[in-house]
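Heads up: the structure comes next, in structure tokens.
The values are calculated or read from the model by the stated rules, or taken from the named source; none is laboratory data. Model, not experiment: these values are computed from the prediction. As a convention, Cβ positions derive from the backbone with ideal geometry for all residues, glycine included, and neighbour counts pool all protein chains shown. For the accessible areas, the whole protein counts, side chains as well, though only heavy atoms, and no ligand, DNA or RNA atoms are used. Shrake-Rupley method; radii C 1.70, N 1.55, O 1.52, S 1.80 Å.
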Amino acid sequence: MFATLIAEAPRFFTYWNMVFLATAVGNTLVMAFAGCGLGLLFGLGLAVTRAERIVHVAPLRWLAILFVEVFRRIPVLVLLLFVFFTFQLLGFSLHALAVGTIAIVLRASSLFAENFRAGIESVHPNQWDAAEVMNLSPLQTLRLTVLPQAWPVILPPMTIGLVGMIKATSLASQISVLELTFAARQLNQRGFSALIAFGTILVIYFVISWGVARLGASVERRLVPQHRRA
Amino acid sequence: MFLSIDGLSAGYGGTRVLEDVSFSLERGEIVSLIGPSGSGKSTVLRCLVGLVPPEAGRIALDGSAVDYTSRAAVRGVRDRLAIVFQQYNLFQNMTALDNVAIAPLKVKGWPKAEVMADAKRLLDTVGLGDKHGAYPDQLSGGQQQRVAIARALALKPDVLLLDEITSALDPELVTEVLDTIRGLAANGMTMLVVSHEMAFVREVSSRVLFMDRGRVIETGPPAELFDAPRTERARDFVTKILRH
């Protein structure tokens, strides 16, 4: 096995292949980071919208719940095709990368909304009472005392979710986004062995996911005081 | 009449907890609510600060009725009435000092230097001069409750509402909290007190209201209510409580 790899390596690790893979890494990262970045923002928005202590308009809360429940339960591949064909039906021709990113945003929003909700609900209601009688607004209460207490509940599953989203970007290869998995398949079809093509992206996926997990751990260290860590 | 409550009724999810409660409070006066658990004492306080919406009746501050359906009006009331809870409800992610300073800074927007100096002074007053940087879970129950009292005072309220503030404390910690309240009473703070500490109620109150099943059954000066209750239910309660 290693003999094959060593024999093939000089032909594989050429300038053009590396540019090709770098583009794929770039697209994977764009989908993952734009998708998860917006997903975090919308996820927090959704969790806030469905929080009874913050939003007093019930239909708004129901809409947020509906969004979360729907997009959390659809397989990512189906979600990709759904976004792809929806835009096609509406007459927009969207770049495949944009379609992939939108699908990740939808999924990440609903996933992270649940992380945020669990965290917000883990904080004792008496903290809201105390803030309310001192005239702190619901959003001030969230920012100043509820979220800081909720991070230990929110962050660990959220890091897992982020890594999951990076892995889910590989499904965008199905709609021809030039991301890592797509690139490996192309290289494989151009005659390189599956071992070297998929082996290379395996290492790249691992490095990215590991980096994100480390990032999550360091955010956790910064946001959660020592004695409150689980 | 500084604070007057007239025919107040309220409840939680269809269950009436308060029925036609009326009483009033003068500036500088200390009125205590006593009665068995579930008699509605705490609900009176929670109604006053807008945590439980009144279903009927009239609550007036300085003669003008408060409209509890209006957010602005409720905010106005909360500016003047501060409540201290049984479970202290300190913000767990903040130091004692930040707990006291947060609302003056973020709600009132008072100058920081002034707020911090005032918060330190308040913590010193309640005997926690050396605990400014401590988090709630590093403090005893009695210390937490004293931080909560300092926090309520930081907003310079006209009336302090105390909701069974010693009920969650170990017996040996009750004294330190009650001493803090005695100090406030001596300075003329207007207070509405819900308590099971009968000796304390008797000592500081100018008037005591006995409540049972959501109604005020008997009102009078402490000596009268404790020594010669007129109603059977009050007599019953007082004998049971004073027996142990």
Hey, what does the equivalent ellipsoid look like for the stretch A:102-230, semi-axes from the Cα gyration tensor as sqrt of 5 times each eigenvalue, largest first, whole Å?
41, 16, 8
Could you tell me what percent of the accessible area of chain A is made up of carbon and sulfur, with a 1.4 Å probe and every protein chain present?
71 percent
In square nanometres and to one decimal, what's the mean projected area of the convex hull around the Cα atoms of the stretch B:39-181?
9.4 nm²
Placed amide H near B:G28: partners under 5 Å, 5+ positions off or other chain:
B:T190
From the helices alone, meaning DSSP H stretches of at least four residues, give me the mean residue ellipticity at 222 nm for the protein assembly as shown, per-run term -39500 (n - 2.57), in deg cm²/dmol to the nearest 500.
-18500 deg cm²/dmol
Quick check for me: using +1 on Lys/Arg Cβ and -1 on Asp/Glu Cβ, what's the dipole size of the stretch B:1-95 about its Cα centre, in debye to the nearest 20?
300 debye
Can you list, bin by bin at 10 Å, the percent of alpha carbon pairs in the stretch A:1-80, starting at 0?
15, 25, 22, 16, 12, 8, 2
Give me the count of lysine pairs in the protein assembly as shown whose alpha carbons sit under 20 angstrom apart, restricted to pairs 8 or more positions apart or on different chains.
10
Treat each spin label as a single point 7 Å out from the Cα along the C-beta direction, and report the A:A22 to A:A194 distance in nm.
3.0 nm
Output the Kirkwood hydrodynamic radius of the protein assembly as shown, Cα pairs only, in Å rounded to one decimal.
26.4 Å
Please report, in debye to the nearest 20, how large the charge dipole of the stretch A:2-225 is about its Cα centre when each Lys and Arg carries +1 at its beta carbon and each Asp and Glu carries -1 there.
300 debye
Determine how many Å³ per residue the convex hull of the Cα atoms of chain B encloses.
126 Å³
Relative contact order of the stretch A:2-225, defined on C-alpha pairs under 8 angstrom at six or more residues apart (%)
28 percent
As a test of the definition: with a 1.4 Å probe, what buried accessible area, both sides summed, do you compute for A against B, in Å² to the nearest 100?
2000 Å²
Once phi for every residue in the stretch A:163-177 is put through the Karplus expression 6.51 cos²θ - 1.76 cosθ + 1.60 (θ = phi - 60°), the whole-Hz ³J(HN,Hα) values, with Gly and Pro written as x, are 4, x, 5, 4, 5, 5, 4, 4, 5, 5, 4, 5, 10, 6, 7
FRET efficiency estimate (nearest 0.05) - Cβ-Cβ, B:A65 to B:R121, R0 22 angstrom
0.05
Peptide A:146-155, shielding by other chains (average Cβ, 10 Å cutoff):
1
Chymotrypsin sites (Phe, Trp or Tyr not before Pro) in the stretch A:64-95 lying in a DSSP loop, each with at most 14 other Cβ atoms within 10 Å of its Cβ, come to A:F92
If you take every residue apart from B:L122 with its C-beta less than 11 Å away from the C-beta of B:L122, what net charge results, scoring Lys and Arg +1 and Asp and Glu -1?
+3
Pair-distance profile P(r), taking every C-alpha pair of the stretch A:2-225, with 5 angstrom steps and integer %
1, 7, 13, 15, 15, 13, 11, 9, 6, 4, 3, 2, 1, 0, 0
Which distance in Å, rounded to a whole number, links the C-alpha centroids of the stretch A:9-26 and the stretch B:9-23?
74 Å
